[in-house]
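All remarks here apply to the structure that follows.
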Amino acid sequence: NLINEKSMKGMKGAFMINIALPKGRLGNKVYDLFEKIGYESSEIKEDNRKLIFENREKNVRFLLVKPSDVEKGSADIGVVGRDVLLEENPDIYELMDLGFGKCKFAIAGPVNFKENFDRPLVVATKYLNVSKRYFDSINRDVELIKLNGSIEIAPILGLSDVIMDIVETGTTLKENNLKVLKTIEDISARFIANKSSYRFKNEEIEKIVKSIKEIL
């Protein structure tokens, strides 16, 4: 746990807030959001390999860790896609929908796909829990295949009938002669908090939530 007695308070006596910052495009959007509300750290935009960035004046620390580490207490707050929350069901507080990073859970397959209801549907996915819950809800027998990486290749190679994945623009599907067969649920980035941190640092976290709501 990165939170200890020495790191709990910043230079001015207020609690230091540890923020899990995801990598990639989503991470850039999240940092830009915090920068807009006055929680910036210039080192983040420098060419370096650091994993921790601080702004002691604002009592904030950015950590390049997985947003799911918020549940473990490595960070107090963070931003994660709704898909991760649905799949992993972490024991955290979901404080708000940020409205960006939008995509959707969907079942996709070949453009000429015709389902055979006389046998289990073979589904390739990296979201086993989401897939199981959905197909159980419609009483459809399925064989789930766990795959990571380019899930779209599974039906092309005959490894599965369809895939269950998140779809943003659908361009990759079209380029591989696939299409969305059914949209399951809309996905977007969510602001989350560690339950213990939310209790002990409630005032600081709620101040951030309020600031974010004002600019969105």
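The values are calculated or read from the model by the stated rules, or taken from the named source; none is laboratory data. As the structure is a computational prediction, the values presented were derived from the model and not from experiment. With ideal geometry, Cβ positions are generated from the backbone for all residues, glycine too; neighbour counts draw on all protein chains shown. Calculation scope for accessible area: heavy atoms of the full protein, side chains included, ligands and nucleic acids excluded. Shrake-Rupley method; radii C 1.70, N 1.55, O 1.52, S 1.80 Å.
Computed values, structure above
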| quantity | calculated |
| --- | --- |
| Any chance V162 is surrounded by 15 or more Cβ atoms within 10 Å (Cβ to Cβ), touching a residue at least 60 places away in the same chain (Cβ under 8 Å) and over 30 Å from N18 (Cβ atoms) | no |
| Check on R56, open to solvent by 60 Å² or more (accessible area, probe 1.4 Å) and without any contact (Cβ under 8 Å) to a residue 40 or more places away in the chain | no |
| Every pair of residues 6+ apart whose Cβ atoms lie under 9 Å, when the first sits in region 175-195 and is within 17 Å of L26 (Cα to Cα) and open to solvent by less than 70 Å² (accessible area, probe 1.4 Å) while the second is acidic (D, E) and part of a helix (DSSP H, G or I) | I187/D83; I192/E71 |
| Complete set of residues in region 21-43 that are in a helix (DSSP H, G or I) and either in contact with a strand residue (DSSP E or B) (Cβ under 9 Å, 6 or more places away or on another chain) or modelled with pLDDT of 85 or more (or both) | L26, G27, K29, V30, Y31, D32, L33, F34, E35, K36, S42, E43 |
| Unmet requirement for Y198, which otherwise passes all of (1) more than 11 Å from D76 (Cβ to Cβ); (2) outside any strand (DSSP E or B); (3) modelled with pLDDT of 95 or more | (1) |
| Residue in region 166-181 that is under 19 Å from the mean Cα position of the chain (by Cα) and basic (K, R) present | no |
| Only one of D91, D76, D69 that is open to solvent by less than 20 Å² (accessible area, probe 1.4 Å) and closer than 22 Å to S196 by Cβ | D76 |
| Hits in region 54-97 - residues which are of a type in the set (A, V, I, L, M) and out of contact with any helix residue (DSSP H, G or I) (no Cβ under 7 Å at 6 or more places or on another chain) | V60, L63, L64, V65, V70, V80, V84, L85 |
| Answer from V79, V65 - the residue that is part of a loop (DSSP other than H, G, I, E, B) and among the aliphatic types (A, V, I, L, M) | V65 |
| Sole exception among (1) open to solvent by less than 20 Å² (accessible area, probe 1.4 Å); (2) in a loop (DSSP other than H, G, I, E, B) for I107, by number | (2) |
| Hey, V130 touching a residue at least 40 places away in the same chain (Cβ under 8 Å), β-branched (V, I, T) and out of contact with any Cys (no Cβ under 7 Å at 6 or more places or on another chain) or not | yes |
